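Report on the following structure.
Where a number appears in this text, it was derived from the coordinates with a stated rule and is not lab data. Only a predicted model underlies this, so the values are computations on that prediction, with no experimental measurement involved. Here the Cβ positions follow ideal geometry from the backbone for every residue, glycine too, while neighbour counts run over all protein chains shown.
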Amino acid sequence: MKPYTTLGLGGGCHWCTEAVFASLRGVSDVQQGFIRSVTPNDAWSEAVQLTLDPQTMPLSVLLDIHLRTHASQSAHSMRGKYRSAVYVTDDGDAVRKTLAELQSGFDRPIITQVLRLRDFRLNAPQFLDYYATDPTRPFCRTHIDQKLALLRREFGDYAL
C-alpha cells in the first residue's frame, strides 16, 4: 500500500461519517460532501473523502470502523442517497480482500461495494465540520454521539 491513500467512504449521512473519521488517528483531510463512481453508480451520494496513513491507521481497522458506523448490512430504500461503498483510486483489490476478511465479524452479508472514485464535491460551507462546529445540535446528539461513543469504546486506540 502507498504511504498515503485517498479513499471515499459512503453509507450514511455525511455529517455522521465526517465526525467519525475526523476523530481518528492516521486519517487526515476529511472532506464531507457528495461522491459518485462510474455507471451504474454515477448518481451523487453522500460521503466523505479522506487521506489515510496506513502506517498509523491500518486499512482493516478503518474499514471495520466504516462498516460498524453505518447500516453496512442493509439494502434499505435510501441507498441511492446513502450508497454503502468504499471509493478507490486504484484497482480496489486490497479493499475487497479486507472486506471479505471482515465479513466473519458480522451476522449478515455486508452489502458495501468497492467502487472507482470518479468525482467528489464538497457540501455547502455551512454544513462542513457539522459536528465540530456545534455538537449540541439535536441531530448530533441523536445520531453522531452514539457513533462516537462506539468509536471510543471499540476502537479507542485509534481515536483522537
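All other residues with a Cβ under 10 Å from the Cβ of residue 118 taken together, and with Lys, Arg as +1 and Asp, Glu as -1, what is their net charge?
For residues surrounding residue 118, the net value is 0.
Could you work out how far apart the two model spin labels at residue 118 and residue 89 are, taking each label as a point 7 Å from the Cα in the direction of the beta carbon, and quote it in nm?
1.8
Determine the calculated [θ] at 222 nm for the chain from helices alone, applying -39500 (n - 2.57) to every DSSP H run no shorter than 4 residues and normalising by the residue count; nearest 500 deg cm²/dmol.
One gets -7000 deg cm²/dmol as the mean residue ellipticity at 222 nm.
Once you put a point 7 Å from the Cα of residue 101 and another 7 Å from the Cα of residue 4, both along the Cβ direction, what distance in nm separates them?
2.4
First check a/c for the stretch 109-156, with a ≥ b ≥ c the square roots of the eigenvalues of its C-alpha gyration tensor; if it is under 1.5, answer rounded, and if not, answer prolate when a/b is larger than b/c or oblate otherwise.
On the way: a/c = 2.51, a/b = 1.15, b/c = 2.19.
Oblate is the answer for the stretch 109-156, as a/c is 1.5 or above yet b/c matches or exceeds a/b.
Would you list 129, 64 from fewest to most Cβ contacts within 10 Å?
129, 64
What residues of the stretch 118-156 lie in the reach of a label at residue 42, counting those whose backbone N is under 17 Å from a point 7 Å from the Cα along Cα→Cβ?
118-121
As an exercise, identify the chymotrypsin sites (Phe, Trp or Tyr not before Pro) in the stretch 69-111 lying in DSSP coil whose Cβ has no more than 14 other Cβ atoms within 10 Å.
Of the chymotrypsin sites (Phe, Trp or Tyr not before Pro), the ones in loops of the stretch 69-111 whose Cβ has at most 14 other Cβ atoms within 10 Å are 106.
Would you mind ranking 39, 89, 69 so that the residue whose beta carbon has the fewest other beta carbons within 10 Å leads the list?
Details: 39 8, 89 13, 69 24.
Fewest to most other Cβ atoms nearby, the residues stand as 39, 89, 69.
Which order results if 66, 76, 143 are arranged by neighbouring Cβ count within 10 Å, fewest first?
In increasing order of surrounding Cβ atoms, one gets 76, 143, 66.
Considering only DSSP beta bridges with both partners in the chain, what is the antiparallel share in %, to the nearest 5? Mind showing how you got there, number by number?
Details: 20 of 24 bridges.
Restricted to the chain, the bridges split so that about 85 percent are antiparallel.
Starting from the coordinates of the alpha-carbon atoms of the chain, obtain the Kirkwood hydrodynamic radius over all distinct pairs and give the value in Å to one decimal. Before the final figure, lay out the partial values.
On the way: mean 1/r = 0.0641 Å⁻¹.
With all distinct Cα pairs of the chain included, I get 15.6 Å.
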